[in-house]
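The values are calculated or read from the model by the stated rules, or taken from the named source; none is laboratory data. As the structure is a computational prediction, the values presented were derived from the model and not from experiment. Cβ sites come from the backbone with ideal geometry, for glycine too, and all protein chains shown count toward neighbours.
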């Protein structure tokens with residue numbers, strides 16, 4: 001194998017080509033039209049957001065790559081990525097961006113678009129169901145633990161009915177209920 005062929009093989013492994021026909025420029029415009037997306041085009045992929053992100057090292061797509069994917073119009077890839085759901089919302093990326101791109105807020109917008117298209121990870125649906133069913137995500141203290149601590153069996157005054165009725169009218173209720 002010649003040196004030229006070896007280089008071609010290595011680059012084929014590292015970089016997957018982007019199909020121009022799969023790009024949706026309207027996706028970029030859709031994000032830019034949202035309240036926090038107007039600075040989107042100012043991103044020059046400096047990677048400051050990625051450097052600031054405490055969990056970027058475990059992401060397949062880094063924050064700066066997701067922003068670049070949005071700019072390119074890679075709607076399907078962005079909305080189906082697990083990274084937009086894994087974001088810690090610590091705002092470190094956004095705070096440090098030299099171009100004031102609202103990275104975290106844009107990821108929120110992407111999650112909203114993904115949920116409208118029913119592209120929601122199963123664990124998020126499970127959390128939404130738990131919230132709708134119990135009015136809270138976590139049991140504060142199990143009954144047996146409360147008993148061991150000589151506490152009342154149930155938390156006094158904890159009523160989740162109002163929370164449940166409010167949630168039914170939100171996106172969370174639509175996720176769980178399946179309403180459009």
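So that you can scan it fast, the table gives a plain yes or no per residue for (1) in a loop (DSSP other than H, G, I, E, B); (2) more than 18 Å from residue 20 (Cα to Cα):
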| residue | (1), (2) |
| --- | --- |
| 41 | no, yes |
| 45 | yes, yes |
| 57 | no, yes |
| 61 | yes, yes |
| 65 | no, no |
| 70 | no, no |
| 84 | no, yes |
| 98 | yes, yes |
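The residues of the range 20-54 that are crowded, with 20+ Cβ neighbours inside 10 Å and over 23 Å from residue 95 (Cβ atoms), listed by number, are 27, 28. Exactly one of (1) more than 29 Å from residue 63 (Cβ to Cβ); (2) at pLDDT 90 or above is unmet by residue 96. Its number? (1) is the only condition that residue 96 fails.
Per-residue answers, yes or no, for (1) touching a residue at least 60 places away in the same chain (Cβ under 8 Å); (2) at negative phi; (3) out of contact with any strand residue (DSSP E or B) (no Cβ under 8 Å at 6 or more places or on another chain):
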| site | (1), (2), (3) |
| --- | --- |
| 73 | no, no, yes |
| 92 | no, yes, yes |
| 99 | yes, yes, yes |
| 102 | yes, yes, yes |
| 115 | yes, yes, yes |
| 122 | no, yes, yes |
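The set of residues in the range 100-115 being outside any loop (DSSP other than H, G, I, E, B) and in contact with a helix residue (DSSP H, G or I) (Cβ under 8 Å, 6 or more places away or on another chain) consists of 103, 104, 105, 106, 107, 109, 110, 111, 112, 113, 114, 115.
Residues of the range 32-48 include none that is within 14 Å of the chain's Cα centre (by Cα) and modelled with pLDDT of 95 or more. Checking each residue in the range 132-180 for being part of a loop (DSSP other than H, G, I, E, B), under 30 Å from residue 116 (Cα atoms) and modelled with pLDDT under 80 picks out 135, 136, 137, 138, 139, 159, 160, 178, 179, 180.
Listed here are the residues, each with its yes/no results for (1) under 30 Å from residue 37 (Cβ atoms); (2) surrounded by fewer than 14 Cβ atoms within 10 Å (Cβ to Cβ).
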{"site": "115", "(1), (2)": "yes, no"}
{"site": "120", "(1), (2)": "yes, no"}
{"site": "123", "(1), (2)": "yes, yes"}
{"site": "133", "(1), (2)": "no, yes"}
{"site": "145", "(1), (2)": "no, yes"}
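Scanning the range 19-35 for residues that are under 9 Å from residue 75 (Cα atoms) and in a loop (DSSP other than H, G, I, E, B) yields 23, 24.
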